[in-house]
Amino acid sequence: MEQIHFGSLISHQARIYGDKIALCSRKTIDSQWRERSWNEFSDEVDSMAAGLLALGIKEQDRVAQFSQNMAENLIVDYALFSNRAIVVPIYPTSTLEQVNFIVNDAGVELIFVGEQCQYDIAAELAAGVSGLKKIIVFSPDVVLRQDVDSLYYTDLLESGRKLQNKETVEQRRKLAVEDDLACILYTSGTTGNPKGVMLPHSCMNEAMRIHVHRFTKMNCDDVSIAFLPLTHVLERTWCYLCLFVGIKIYVNLRPTEIQQTIKDVRPTLMTAVPRFWEKVYAGIQENLATYSPAKLNMVNKAIRIGKIYNLDYLRNNKKPGFMLRIKYKLSDRFIFSKVKNTLGIENGQMFPTAGAKLSDYIAEFFISLGIPIVYGYGLTESTATITCYEYTGYEIGTVGSVMPDIQVKIDTNSEILVKGKTIFRGYYNNPEANKAAFTDDGWFRTGDAGFLKDDKIVLTDRIKDLFKTSNGKYIAPQEIESRLGTDKYIEQVAVIGDQHNFVTALVVPSLKALVEYANQHDISFGNEAELLSAEEIYAFLMDRIVKLQQGMANYEIIKKIALIGESFSIENGQLTNTLKLKRSVIAQKYSAVIEKMYSK
């Protein structure tokens, strides 16, 4: 496929697809979808580019976007690329302190915001000592302050339509080169301040090329949902790929609305993190628990047939026999299709999943049902994908095979090292971090531990997350946490054990499910604290945890738990914006609770 610089991509696609729909978005979950054709998309990009030029945007200026997912995010991206400017995405859940750090570190003077909560934070910065000078607001419902320089997106767009500076924008497009910086994506920062990952257009172009090379079945008739925050490198790169291929994108405004959005859209494609599929799996298991033994036996038999059909045959590029095809068709008609239709994923062609550990048995379960999970691995610094499943030949237990023209090797400490054209240029304004990020001969240190199995990577854990018990055994907490996270009674888990002689865990239970269980089993309690301290509840959850860890080494088995009433969240500083545990923060917050678990 012809390589087009992102600054010219949307106008190029408009010439090909014209009035075909490119973007769909809605203001609320009850609103009608607003459709934008490729022609309208291109016109809006051109007008916004002209408006930004009139505001004084210079080539390689840094412009931030602080918003939940909106179609305007993508329009602004390509308008900035048209001006050879750099987009700096900020997670919509970021705090004042986090936004302040990024704005100052990147030297941002202009910021786009979504709704009132983001505007209020940006306005406070603009009114203070920050270098922020102007705010552009997507939502027309936002109430603007008089003491800061603010402007609605629609007003800037309309002024851009009237300007006579399109030739200057076009000249900038012609001068655009691969070496121009496209984005500075700030890592979520599990320890310390986030680092600004510099991704030039060469990284983006290479990412498009190798993904098109691998995913040959993607085409302009597909329909995708932008579900993860566009700030996340996986969703951002995925949406860029969809637009590069000519695929229609439905933009999901809020993560809490995704289940309804999927049912409304019935997508063929959608990215997600493993936690999404863990929740879906837990929901299915909860429903199966209500089945009679005869009906459950029928379902389990169908799943076994699905496993043989999809994993033993199709995965290995083998043609199933006549009787197996008949059995699978019946299983799909009476069981699998009902699950997929209920979820809204019956049209699914590919569901890329990355960002955390996905349990092998969950991947196997969904693929057995004919749900095309494509598990992968990558980082912001690698422009997302380093490895992922292929259509055939993938292996459960790995994170897929290495992408075309990416080099991978394993260091002596089991760290995964990577080279290739998708590897970032370095961290913005951070020479010390840059020095630590690369080996002397130029390999990028991923910080992840694993090993190669043929051309596939088996991922063990984050090196910084690995801990050693006092008995000298290394523990990979993410593996344990992902197993336990599939249980309907467990919302979150933080595994503990560094320098201790056995493994414990802080468990945030599903209170709703526990209340139902307590009522069904005549366990009396007056309030939440009494429920969580009940001996019967502790024994019940420990029994489930032991069963969930069957097959794991004895030194990995959780010996004690502490039930926590408050969730780990972004708001209380215990989760990053990408929903990763801030282990040091959690350990400090619950130090007394942890000490009690290890006391005699």
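So the values come out like this:
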| item | result |
| --- | --- |
| Check on Q164, out of contact with any helix residue (DSSP H, G or I) (no Cβ under 8 Å at 6 or more places or on another chain) and assigned to a loop (DSSP other than H, G, I, E, B) | yes |
| Residue within the range 492-503 that is over 19 Å from K560 (Cβ atoms) and in a loop (DSSP other than H, G, I, E, B) present | no |
| Number of the exception - R62 against (1) charged (D, E, K, R); (2) farther than 30 Å from E571 by Cα; (3) buried (at least 21 other Cβ atoms within 10 Å of the Cβ) | (2) |
| E415 vs. criteria under 21 Å from the mean Cα position of the chain (by Cα) and not assigned by TED's automatic domain parsing to the domain that holds Q285 | no |
| Qualifying residue in the range 352-364 (condition: within 19 Å of E206 (Cβ to Cβ), free of Cβ contacts under 8 Å to residues at least 40 places away in the same chain and in contact with a strand residue (DSSP E or B) (Cβ under 8 Å, 6 or more places away or on another chain)) | no |
| K217, sole failed condition from (1) modelled with pLDDT of 95 or more; (2) under 19 Å from the mean Cα position of the chain (by Cα) | (2) |
| Criterion (over 15 Å from R214 (Cβ atoms), without any contact (Cβ under 8 Å) to a residue 40 or more places away in the chain and either buried (at least 24 other Cβ atoms within 10 Å of the Cβ) or not aliphatic (A, V, I, L, M) (or both)) met by exactly one of T380, T412 | T412 |
| Of residues in the range 368-400 being more than 20 Å from the chain's Cα centre (by Cα) and not in a loop (DSSP other than H, G, I, E, B), the one nearest to L230 (Cα to Cα) | I396 |
| V108 vs. criteria crowded, with 22+ Cβ neighbours inside 10 Å and either under 24 Å from the mean Cα position of the chain (by Cα) or part of a strand (DSSP E or B) (or both) | no |
| Residue count, the range 487-514 (criterion: over 28 Å from Q588 (Cβ atoms) and surrounded by 15 or more Cβ atoms within 10 Å (Cβ to Cβ)) | 2 |
| Single unsatisfied condition, M403 versus (1) surrounded by 20 or more Cβ atoms within 10 Å (Cβ to Cβ); (2) under 19 Å from A302 (Cβ atoms) | (2) |
| Odd one out for I480 among (1) more than 13 Å from L581 (Cα to Cα); (2) under 22 Å from the mean Cα position of the chain (by Cα); (3) part of a strand (DSSP E or B) | (3) |
| Count of residues meeting criterion [assigned to a loop (DSSP other than H, G, I, E, B), touching a residue at least 24 places away in the same chain (Cβ under 8 Å) and crowded, with 19+ Cβ neighbours inside 10 Å] in the range 559-575 | 2 |
| Condition check for M204: part of a strand (DSSP E or B) and over 25 Å from Q574 (Cβ atoms) | no |
| Options G426, G376, G400; residue that is at pLDDT 95 or above, touching a Pro at 6+ places or on another chain (Cβ under 9 Å) and either of a type in the set (D, E) or within 21 Å of H232 (Cα to Cα) (or both) | G376 |
| Checking L541 against (1) buried (at least 18 other Cβ atoms within 10 Å of the Cβ); (2) at pLDDT below 90, the condition it does not meet | (2) |
| Count - residues of the range 111-122 that are of a type outside the set (D, E) and either surrounded by fewer than 24 Cβ atoms within 10 Å (Cβ to Cβ) or out of contact with any strand residue (DSSP E or B) (no Cβ under 8 Å at 6 or more places or on another chain) (or both) | 4 |
| Yes/no for G196 being touching a helix residue (DSSP H, G or I) at 6+ places or on another chain (Cβ under 9 Å), within 16 Å of H5 (Cα to Cα) and modelled with pLDDT of 95 or more | no |
| The range 551-600, residues that are in contact with a His (Cβ under 7 Å, 6 or more places away or on another chain) and under 30 Å from A384 (Cα atoms) | T578 |
| Conditions (1) part of a helix (DSSP H, G or I); (2) surrounded by fewer than 19 Cβ atoms within 10 Å (Cβ to Cβ); (3) without any contact (Cβ under 8 Å) to a residue 60 or more places away in the chain; number of the one not met by D264 | (3) |
| Flag if S524 is among the hydroxyl-bearing types (S, T, Y), in the same structural domain as Y474 (by TED's automatic domain parsing) and more than 31 Å from the chain's Cα centre (by Cα) | yes |
| Any hit, the range 45-60, residues being out of contact with any Leu (no Cβ under 7 Å at 6 or more places or on another chain) and among the polar types (S, T, N, Q) | no |
| Residues that are part of a loop (DSSP other than H, G, I, E, B) and in contact with an Asp or Glu (Cβ under 8 Å, 6 or more places away or on another chain), drawn from the range 2-32 | H5, I29 |
| Filtered residue count, the range 581-597, keeping only those that are surrounded by fewer than 17 Cβ atoms within 10 Å (Cβ to Cβ) and either in contact (Cβ under 8 Å) with a residue 24 or more places away in the chain or outside any helix (DSSP H, G or I) (or both) | 4 |
| Among (1) more than 21 Å from P89 (Cα to Cα); (2) of a type in the set (A, V, I, L, M, F, W, C); (3) not assigned by TED's automatic domain parsing to the domain that holds F81 - the single one V169 does not satisfy | (3) |
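The values are calculated or read from the model by the stated rules, or taken from the named source; none is laboratory data. Bear in mind that the values here come from a model prediction, so they are computed numbers and not experimental data. Glycine also receives a Cβ, built like all others from the backbone with ideal geometry; neighbour counts cover every protein chain displayed.
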